[in-house]
Amino acid sequence: MPTSYYNNNPQAYNIMNKILTIALLAATALAYTSCSPSEEDDIFDKSAAERLNEISDLYSSRLLAAPNGWAMQLYPTNDDQWPYGTGYLLLCKFNKDHSVSVSMNNMFSSNKFKEDTSLWEVITDNGPVLSFNSHNSCLHTFSDPYDIDFTGSSNIPNDETGEGVGGDYEFIIVDAPEDGSYMMLKGKKRGTYNLLTPIKEGTEYETYLALTTVFRLLHFPNNAPTFNVLNIRGERYKMKMKYPSTDEYNTSYISKSSFMGIPNIYPYEGDEIIDENFNPFIITDRNDKFYLRFRDKITINDELTAQDFVYDSERQVFQSVDDEETFIEGDNPGRFFKETIIEDSLEHYNWRISTTYGSEPIRNIMTSAANEFSAKKMTLGNFTFLRRDNRVTLNVSYRTSRNAQANLYFYYKVEPTENGVKFIYDGYASTEGNVLAQMPTLKQIIEGVIPQSFYVRSRLSPFDLNEIRLTSESADPEQTLILELSKNTK
């Protein structure tokens with residue numbers, strides 16, 4: 001029909017348009033419905049269920065690939081408060097029957113080795129998720145909603161019923177390289193990152209946890225009197241451990257092996273309150289080397305980051321695995337000793353001379369002095385440096401023949417030297433001269449052994465200055481005193 005017909009008949013034109021539109025839609029629908037199943041398979045050659053099963057199988061196989069299991073660095077939350085933000089070391093052995101053995105040794109196991117077995121599965125929820133899907137008393141203690149016995153005090157009660165520590169039991173698998181060198185998990189609820197590293201074959205879990213605990217206590221003791229130093233490209237930061245107080249926690253639950261410290265890292269010349277920055281860490285053993293890893297990366301000037309460190313036993317430092325100019329060292333023992341014994345600071349410490357760990361000549365002369373007292377029916381006690389009458393004083397305690405407690409006080413001037421300190425004998429308090437006249441060995445210690453220059457070193461580790469070593473700078477380096485630190489409550 002000629003076009004002029006539609007131009008002269010608008011109603012007919014509209015009807016024709018509707019017919020053409022319907023025809024076009026029908027043709028389009030026919031084209032889609034005529035696609036064969038093989039054309040869909042060109043895009044997805046497997047069903048959604050099959051693809052999800054493959055993902056589950058892949059990451060399950062990578063969890064099973066570590067023959068002796070994994071060391072898991074678990075952070076329940078991103079909090080800065082102990083025990084919620086503290087890191088916990090768990091050892092996990094995943095088995096083909098989907099059982100998992102989890103072990104730990106920490107506050108939540110009363111600082112004893114504990115192991116429990118439960119079930120695990122890799123599920124898919126917008127990605128692979130490791131689920132500990134039956135109750136495990138080791139792992140679920142960080143996610144169960146119960147009241148924690150050792151938090152709160154009689155003054156400040158604390159009730160976590162309904163929340164507990166607040167951690168996760170399902171973890172998104174963020175990274176799992178094919179070589180099995182590590183796995184990175186992310187808490188599904190809290191979003192904390194938790195690193196897994198393989199455990200060396202043949203390693204017993206109880207031994208692993210015991211050795212890492214001993215190493216940690218040696219370098220980061222709970223009663224640390226000082227700080228460590230983080231060096232980043234020439235910039236220095238104090239790394240001071242934070243521990244619970246009796247006002248915050250029931251410390252009767254806390255033992256020497258408990259790990260509570262969350263270090264406050266701030267500029268060396270800065271203020272620990274104004275510049276505070278808390279960052280917990282965990283110590284692990286990877287192929288017989290000890291690693292320290294912070295929960296959060298430390299960022300300097302938005303450029304350099306530091307997180308993983310390995311212990312260098314020769315230099316006695318934790319060296320960054322990424323940057324040779326970044327490392328953690330202990331405080332300078334000479335600085336600390338001078339501060340505690342010379343400077344009249346608000347905090348005073350006593351230093352007791354050890355009769356157990358000093359060099360053999362020192363131990364022998366101490367034994368001779370004790371025999372001198374015994375010959376006079378008296379018992380020699382401790383040799384302790386303290387401040388008395390605003391002076392550095394050596395207090396020699398003993399018990400008389402009538403078993404009464406008595407003390408002798410000898411004064412010293414202490415001067416800093418390039419390598420340590422120098423003791424200068426400066427007399428005694430009262431009638432001590434009468435005792436020295438009767439005790440030649442004691443007189444030799446007071447007037448001969450102690451008044452000299454000493455190198456100041458740590459005894460075991462520069463990270464633990466509870467004990468220091470004073471070694472003679474003279475021609476007789478065999479004269480070595482070991483001093484043990486104790487707080488003086490004045």
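The values are calculated or read from the model by the stated rules, or taken from the named source; none is laboratory data. Just so it is clear, the model here is predicted, and its values are computed rather than measured. Please note: Cβ atoms are built from the backbone with ideal geometry, for glycine as well, and neighbour counts cover all protein chains shown. These accessible areas exclude ligands, DNA and RNA; they are computed on the full protein's heavy atoms, side chains included. Shrake-Rupley method; radii C 1.70, N 1.55, O 1.52, S 1.80 Å.
Brief remarks on what is shown
- The range 91-138, dipole about Cα centre (Lys/Arg Cβ +1, Asp/Glu Cβ -1), debye to the nearest 20: 220
- Stretchable slack from Glu235 to Asn287, in nm (0.36 nm times residue separation minus alpha-carbon distance): 15.6 nm
- Summary value for the range 332-413: 22 percent relative contact order, contacts being C-alpha pairs under 8 angstrom separated by 6+ residues.
- Simple label model, 7 Å out from Cα along Cβ direction - Glu314 to Thr117, nm: 4.5
- Under the combined filter of DSSP loop state and at most 14 neighbouring Cβ atoms within 10 Å, the range 401-468 retains these GluC sites (Glu not before Pro): Glu418.
- Listed residue pairs exceeding 24 Å between alpha carbons, taken from Lys114/Lys297; Lys242/Lys422; Lys114/Lys200; Lys96/Lys200; Lys93/Lys114: Lys114/Lys297; Lys242/Lys422
- Surrounding net charge for Leu380, when Lys and Arg each add one and Asp and Glu each subtract one, Cβ distance under 15 Å: +4
- Scattering curve values for the range 356-490, log₁₀ I(q)/I(0), Debye with Cα scatterers, q = 0.11, 0.15, 0.20 Å⁻¹: -0.41, -0.78, -1.37
- For the range 76-87, backbone phi angles converted through the Karplus equation (6.51, -1.76, 1.60; θ = phi - 60°) give residue-by-residue couplings of x, 9, 9, 5, 9, 9, 6, x, 6, x, 5, x Hz, Gly and Pro being listed as x.
- Other residues within the sphere of radius under 14 Å centred on the Cβ of Tyr425, judged by their own Cβ, net out at 0 (K and R +1, D and E -1).
- Spin-label pair Asp275/Asp323, simplified geometry with 7 Å Cα→Cβ offset, distance in nm: 1.6
- Radius ratio Rg over Rh of the range 375-425, counting only Cα atoms, Kirkwood formula for Rh: 1.13
- Rolling a 1.4 Å probe across all protein chains gives His98 an accessible area of roughly 70 Å².
- The trypsin sites (Lys or Arg not before Pro) of the range 46-153 meeting both criteria, a DSSP state outside H, G, I, E and B (loop) and at most 16 other C-beta atoms within 10 angstrom of the site's C-beta, are Lys46, Lys96, Lys112.
- Over the range 257-393, accessible surface divided per residue gives 50 Å², non-protein components excluded, 1.4 Å probe.
- Note that the range 325-389 shows a convex hull volume over its alpha carbon atoms of 141 Å³ per residue.
- Fraction of accessible area attributable to carbon and sulfur, the range 289-381 (%, probe 1.4 Å): 41
- Counted by Cβ distance under 13 Å from Arg457, the other residues give a net charge of -1, where Lys and Arg count +1 and Asp and Glu count -1.
- Portion, in percent, of the accessible area of the range 412-490 that falls on carbon or sulfur, probe 1.4 Å: 44
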